[in-house]
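> Before we start, here is the structure in question, set down as structure tokens.
The values are calculated or read from the model by the stated rules, or taken from the named source; none is laboratory data. Since we're looking at a predicted model, the values are computed, not measured. Quick reminder, even Gly has a Cβ in these numbers, built from the backbone with ideal geometry, and neighbours come from all protein chains shown.
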Amino acid sequence: SLPRSYIYQKRWVKLDADYLRYFDSEKDAYSKRFIPVSSISRVAGVGDQKFEVVTNNRNFVFRAESDADRNEWIRTLQQIAEERKSKALERTLVSPTTNGAADPADKSGFLELRGFKHKLFVAVAGDKVFLYKNAEGGGWGGAGDYRLGIGITYIEMNVGNVKEVDRRGFDLTTPYRIFR
């Protein structure tokens, strides 16, 4: 079989202790996609400047500006993923009754959002609102593990306000964008 060829789109990528996120540009406040670090099972180089991030739900292939840059991304992602795994193991050993499960969502379900063709799966958890393309493809495997799913973006509610606009709708307003 022929090797798979990819069309790469330039994205701004950010990594923190919890998520690998990519954006259209560095000016965007909300990501196009986020990958929970806890869902990353493997990171490996796959040719010149390219590396693959493997999760339970999907594999992502990124192309860096150089091999040195690629190697730095791989090293950093592997290190953060290992730290997350060891912390999860510690939590399980300390409190085996929870099985290391993530906190359940305070509220979740399907909502229509302007600008998207299909309903999105939305989960409110603590001070964040998470947006997913769907329940299954987003990695929602049941109560409690939504944080392992590949999502679109999340909204920090400490910068958001909710206002009812009619009997069936509301606006979620942030300094960067209005979600309807």
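> Inside segment 14-36, can you point out the residues that are among the charged types (D, E, K, R) and either farther than 16 Å from V54 by Cα or modelled with pLDDT under 90 (or both)?
K14, D16, D18, D24, E26, K27, D28, K32
> Residue by residue through segment 29-49, note down the ones that are more than 24 Å from K85 (Cα to Cα), without any contact (Cβ under 8 Å) to a residue 24 or more places away in the chain and of a type in the set (D, E, K, R).
The one that is more than 24 Å from K85 (Cα to Cα), without any contact (Cβ under 8 Å) to a residue 24 or more places away in the chain and of a type in the set (D, E, K, R): D48.
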